[in-house]
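The values are calculated or read from the model by the stated rules, or taken from the named source; none is laboratory data. Since we're looking at a predicted model, the values are computed, not measured. Cβ atoms come from the backbone with ideal geometry, glycine included; neighbour counts cover every protein chain shown.
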Amino acid sequence: MSASRMGPVSTPVLDLDEVIANRSTRVIVCCGAGGVGKTTTAAALGLRAAEQGRQVVVLTIDPARRLAQSMGLDALDNTPRRVAGVDTSRGGSLDAMMLDMKRTFDEVVLAHSSPERAKVILENPFYQSLSSSFAGTQEYMAMEKLGQLRAQDRWDLIVVDTPPSRSALDFLDAPKRLGSFLDGRFIRIIMGGAKTGGRAYLKVIGAGLGAMTAVLTKVLGAQVLKDLQAFIAALDTMFGGFRERADSTYRLLQASGTSFVVVATPERDALREASYFVERLGEEQMPLAGLVLNRVHTTGAAALSAARATAGAETLSDSGEHPVAAGILRMHAERMRLIEKEQSLRGRFTAAHPRVPVVDVPAQPGDVHDLDGLRIIGAALADGAR
Amino acid sequence: MVSRESDWEGVRLHVVTGKGGTGKTTVAAALALALAGEGRRTLLVEVEGRQGIAQLFDCPPLPYEERKVAVGPGGGDVYALAVDAEDALMEYLEMFYRLGRAGRGLRRIGAIDFATTIAPGTRDVLLTGKVYEAVRRKHGGQPVYDAVVLDAPPTGRITRFLGVNAEVAGLAKVGPIRSQADSIMGLMRSPMTAVHVVTLLEEMPVQETADAVGELTAAGLPVGGIVVNGVRAPMLKQTDLAAAVKGRLDRDLVAKGLDAAGVGVPATAVDALLAGAAEHAERVALEKSERRTLKALHRPMYELPLLVEGIDLGGLYVMAEQLCRQGMA
C-alpha cells in the first residue's frame with residue numbers, strides 16, 4: 001500500500017494569510033496549553049498582518065521579557081503602544097500592550113461608580129486581593145480588555161493572547177462563571193438584611209436564611225463576613241454593567257468576525273489540551289480557524305531512516321574511523337525518532353479532527369526575541385498553504 | 001541502589017514547579033517513586049484537575065481519594081491523590097464545623113461554587129490546606145506519609161499559590177480561618193518544605209526559573225533544587241562542534257564517512273545532515289550558556305536525560321533512579 005493511500009492526505013491546511021487578509025476578521029484569539037508558544041504566535045500574526053496593511057493591536061498577557069522588549073513593551077502601563085521597526089509601507093500599523101489586571105479592574109471600578117463609591121471599593125481588602133493577587137481575575141480582565149479595545153474601534157484587527165490558565169478552558173468559562181455567580185442566591189444571602197431591595201426575595205428563602213448566615217459567620221468569622229458584605233454592597237451597583245459586558249464579550253467571541261487559533265506543540269499533553277479546546281469551541285459555536293502546530297521537527301534527509309543511520313554510526317564506531325560522520329548519523333537517528341513520534345501524535349489529532357485545518361511551524365534553533373524572528377515565524381505560519 | 005544520602009533529609013513536603021512544558025508532572029512522579037525507599041510511603045498530589053498522574057501511571061482517573069499507584073524501585077509504596085477544590089471544601093467544612101445538612105445547603109445556594117471558582121484564591125487555600133493535612137496526618141503517632149510530593153502550579157503562579165495563606169491571614173485577622181492559614185504558612189516556610197524548580201536548557205524556562213527562585217526567596221519560601229529535564233549529550237567533540245556552528249565541517253570527509261558507514265545518500269541529504277549538525281552545535285552552545293545561568297543561582301542541580309520516545313512507566317523508573325543516584329532522593 002502506498003504511503004499516500006495510508007496517510008491523512010486530506011487534512012486541510014490552515015491558511016493564516018487568508019485569515020488576516022480577510023477584512024472581516026476583527027479578532028484573532030490564540031489559545032492553548034501553557035508553554036506552547038501562544039504569545040509568540042500572537043505577536044508573529046499581529047506583525048504579519050500589520051505589514052500586510054492592517055491596523056493591528058496585539059494584547060499579550062505574560063510575554064517573555066526579551067520578546068516584550070523587542071516590541072517596546074518594557075513599560076507595563078496597560079495602554080497600547082506603537083511598535084517601532086514595523087514595515088508600514090502597505091498602510092498598516094502595529095500597537096501592542098501587556099495586560100495589567102489590577103489596573104484594568106481599577107479602571108472598570110472607576111468607570112462604573114461614583115468617585116465616593118469607587119474609593120470605598122478600591123480600599124476594601126477583598127477588592128485589593130481579588131484584583132491583584134487571586135488567580136482567575138486575569139481571565140476576567142483579559143476579556144474585559146478585549147471588549148474595551150474592540151469598543152474603542154481604533155484598530156481593524158485585535159490579536160489576543162490568552163492567560164496561562166490552569167486549564168486553557170478557563171478563558172472561555174470565566175465570563176460565564178461571573179454571570180452565574182451574579183444570578184446566584186449566594187450574593188443575596190451573604191448580604192443578608194443589609195440589602196433592602198431583596199426583602200421580598202429573602203422571605204422566599206425563609207427560615208433557611210438565618211441558619212445560612214450563622215454558618216457563614218462561623219466559617220468566615222464575623223469580621224471577614226463584614227468586609228465581604230461591604231465589598232459586595234459597594235460593588236452592587238456595578239454588577240449589572242459587569243454582567244452585561246461579560247455577556248457581550250462572550251457574544252463577540254461567537255461572532256463571525258472572530259477567529260480562534262488553537263496553538264499546540266507536537267507533544268501528547270499539548271495536543272490533548274488542543275483537542276479539548278477544539279471540541280469546546282465547537283460546542284460553544286465559537287469560530288475556529290484551525291490549529292497552529294509549533295516546534296515541529298523536520299529534516300532534509302528523510303529518506304535515511306533512524307535504523308539505517310544508527311547501524312551506519314555503529315559501523316563507523318566499530319572501525320574507529322570518521323567520528324564526525326558517526327556523530328552526525330547519531331544525531332540524525334535521534335531526530336528521525338523524534339519526527340516519527342511527532343508525526344504519530346499529529347496523526348492522532350488529525351484523525352480525531354479531520355476537518356480542522358493545521359499549519360506546522362518548524363522548530364527554531366533558538367528562542368524568538370526580535371521582530372526578525374517574529375517575521376520568520378509569521379512566514380512559517382503562512383507557508384503551510386503554499 | 002541508593003549510593004549516597006539524600007540532599008533533602010528532613011524535608012517532608014517536596015513542591016515541584018516549572019514552566020509549562022518542562023515536564024514538572026513527570027519529574028514530580030519520578031521523585032515520588034525515588035523517595036519510596038524500602039518501608040517508606042510517599043504521596044503524589046496533583047491540584048490542577050488535569051489527571052496527569054493517572055495518565056502517567058496508566059490508571060483510571062483518580063477520584064478524590066488516596067490510592068496506591070506504584071511500588072518504588074526501593075520497594076516502598078507510592079500513593080496518589082487528585083485534589084478537587086469542591087470536595088476539599090466539603091471535607092474541610094465537615095471536619096472543622098460538622099456542618100452536615102447545612103454544608104449541603106451551602107452547595108445548593110452556590111456558596112461552594114462561589115468559594116471554589118469565583119473567589120479563586122479560596123481554591124488555592126483549599127488545595128494547599130489539603131496538602132498540609134496530608135503532610136501532618138498521623139497514624140499511631142507516626143506520619144502516614146514519609147514524604148508528600150506536590151505537582152504544583154507552574155512557575156508563573158507558584159509563589160502566589162504557596163503564599164495564598166499569607167494573603168488570607170491579611171484578610172482574616174482572627175478566627176478559625178486565620179489560625180488554619182497561619183499553620184499552613186508555617187509549614188510552607190519551614191525547613192520541612194522544599195520547592196524544586198524543573199527547567200529545560202532553553203532561554204524562557206531558565207529565565208522563569210531564575211524569576212521563580214527570586215520570587216520564592218523574597219516570599220520566604222524555601223527553594224529546593226533545580227531539575228534540568230530533557231538533557232541531551234553532545235554528539236560531537238568540542239572542536240567539531242565549534243566547526244559545525246560556523247558551517248566549517250569538512251563536507252567531503254563527512255561524505256566519505258557516510259559512504260564508509262554504508263549509508264549512501266544523495267548530495268542534498270549530505271547538506272541536510274550538515275545543517276542538522278550546525279543546529280545541534282548551536283543548541284549545545286545555547287545550552288551551555290543556559291546551564292551557566294542556572295549554576296549562578298547556587299542551588300543543587302539534578303539532570304535528567306531526554307527520553308525521545310516519550311515517558312511511560314518504565315521511563316519514570318529510569319528518571320527515579322537518576323534522581324536517587326544524584327542525591328535528590
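If you scan the range B:230-239, which residues turn out to be closer than 14 Å to A:G327 by Cα and either more than 8 Å from chain A (Cβ to nearest Cβ) or without any contact (Cβ under 8 Å) to a residue 24 or more places away in the chain (or both)? Quick ask: steps written out before the conclusion?
To start, the set of residues in the range B:230-239 that are closer than 14 Å to A:G327 by Cα comprises B:232-239.
Selection gives B:A233, B:P234, B:K237, B:Q238, B:T239.
From the residues in the range B:244-270 that are surrounded by 15 or more Cβ atoms within 10 Å (Cβ to Cβ) and touching a residue at least 24 places away in the same chain (Cβ under 8 Å), which one is farthest from the other protein chains (Cβ to nearest Cβ)? Step through it out loud before you land on a result.
We begin by selecting, within the range B:244-270, every residue surrounded by 15 or more Cβ atoms within 10 Å (Cβ to Cβ); these are B:244-245, B:249, B:254-255, B:257-258, B:260-261, B:263, B:265, B:269-270.
Retained after the next criterion (residues that are touching a residue at least 24 places away in the same chain (Cβ under 8 Å)): B:244-245, B:249.
On the way: B:A244: 8, B:V245: 10, B:L249: 6 Å.
Of everything passing the filter in the range B:244-270, B:V245 is farthest from the other protein chains (Cβ to nearest Cβ).
Check B:E287, B:E208, B:E279 and return the single one that is out of contact with any Ser or Thr (no Cβ under 8 Å at 6 or more places or on another chain) and within 27 Å of B:A30 (Cα to Cα). Working first, answer last.
Working: B:E208 fails: out of contact with any Ser or Thr (no Cβ under 8 Å at 6 or more places or on another chain); B:E279 fails: within 27 Å of B:A30 (Cα to Cα).
Criteria check complete, one pass: B:E287.
When you scan the range B:302-313, do you find a residue that is under 25 Å from A:A303 (Cα atoms), within 12 Å of another protein chain (Cβ to nearest Cβ), in a helix (DSSP H, G or I) and out of contact with any strand residue (DSSP E or B) (no Cβ under 6 Å at 6 or more places or on another chain), even just one?
Restricting attention to the range B:302-313, the residues satisfying the condition of being under 25 Å from A:A303 (Cα atoms) are B:306-310.
Checking the rest, the ones that are also within 12 Å of another protein chain (Cβ to nearest Cβ) come to B:306-310.
In the following step, the residues that additionally are in a helix (DSSP H, G or I) were identified as none.
No, because not a single residue in the range B:302-313 is under 25 Å from A:A303 (Cα atoms), within 12 Å of another protein chain (Cβ to nearest Cβ), in a helix (DSSP H, G or I) and out of contact with any strand residue (DSSP E or B) (no Cβ under 6 Å at 6 or more places or on another chain).
Residues of the range B:275-310 being out of contact with any Lys or Arg (no Cβ under 7 Å at 6 or more places or on another chain) and among the charged types (D, E, K, R), which ones?
Within the range B:275-310, B:E279, B:E282, B:R283, B:E287, B:K288, B:E290, B:R291, B:R292, B:K295, B:R299, B:E303 meet the criteria.
Does the range A:330-379 hold any residues that are touching a Pro at 6+ places or on another chain (Cβ under 6 Å) and closer than 21 Å to B:E279 by Cα, and which are they?
Across the range A:330-379, the qualifying residue is only A:E342.
Within the range B:183-202, can you find the residues that are part of a strand (DSSP E or B) and touching a Pro at 6+ places or on another chain (Cβ under 7 Å)? It would help to see each step written out before you state the result.
Initially, the range B:183-202 is screened for residues part of a strand (DSSP E or B), giving B:193-199.
Those that are part of a strand (DSSP E or B) and touching a Pro at 6+ places or on another chain (Cβ under 7 Å): B:T193, B:A194, B:V195, B:T199.
Check A:G179 against each of (1) modelled with pLDDT of 70 or more; (2) assigned to a helix (DSSP H, G or I); (3) within 29 Å of B:L171 (Cα to Cα) and name the one condition it does not meet.
(1)
Does the range A:11-40 hold any residues that are within 14 Å of chain B (Cβ to nearest Cβ) and over 18 Å from A:L253 (Cβ atoms), and which are they? Can you show your working first?
Step one: of the range A:11-40, the residues within 14 Å of chain B (Cβ to nearest Cβ) are A:31-40.
Those that are within 14 Å of chain B (Cβ to nearest Cβ) and over 18 Å from A:L253 (Cβ atoms): A:A33, A:G34, A:G35, A:V36, A:G37, A:T39, A:T40.
Residues in the range B:129-149: is at least one touching a helix residue (DSSP H, G or I) at 6+ places or on another chain (Cβ under 8 Å) and within 12 Å of chain A (Cβ to nearest Cβ)?
No, that holds for no residue.
All but one of (1) touching a helix residue (DSSP H, G or I) at 6+ places or on another chain (Cβ under 7 Å); (2) surrounded by fewer than 20 Cβ atoms within 10 Å (Cβ to Cβ); (3) β-branched (V, I, T) hold for A:I339; which doesn't?
Tallying (1) touching a helix residue (DSSP H, G or I) at 6+ places or on another chain (Cβ under 7 Å); (2) surrounded by fewer than 20 Cβ atoms within 10 Å (Cβ to Cβ); (3) β-branched (V, I, T), A:I339 fails exactly one: (1).
Can you give me the ranges of the helices (runs of 4 or more DSSP H) entirely in the range A:260-371 with at least 3 residues that are over 30 Å from B:Q238 (Cβ atoms) and within 14 Å of chain B (Cβ to nearest Cβ)? Walk me through how you get there before you give the answer.
Values: elements: A:268-283, A:306-319, A:323-352.
Counting at least 3 such residues, we get A:268-283, A:323-352.
Name the residues in the range A:111-130 that are surrounded by fewer than 16 Cβ atoms within 10 Å (Cβ to Cβ), closer than 22 Å to A:D77 by Cβ and either more than 27 Å from the chain's Cα centre (by Cα) or in contact (Cβ under 8 Å) with a residue 40 or more places away in the chain (or both), would you? Walk me through it before giving the result.
Step one: filter the range A:111-130 for residues surrounded by fewer than 16 Cβ atoms within 10 Å (Cβ to Cβ), giving A:111, A:114-116, A:119, A:123.
Pick out the ones that are also closer than 22 Å to A:D77 by Cβ and you get A:111.
Passing the criteria: none in range.
Out of the residues in the range B:179-200 that are within 14 Å of chain A (Cβ to nearest Cβ) and surrounded by fewer than 19 Cβ atoms within 10 Å (Cβ to Cβ), which is farthest from B:G21 (Cα to Cα)?
B:S179
Would you confirm whether or not the range B:88-95 contains a residue that is within 14 Å of chain A (Cβ to nearest Cβ), free of Cβ contacts under 8 Å to residues at least 24 places away in the same chain and in contact with a Leu (Cβ under 8 Å, 6 or more places away or on another chain)?
yes
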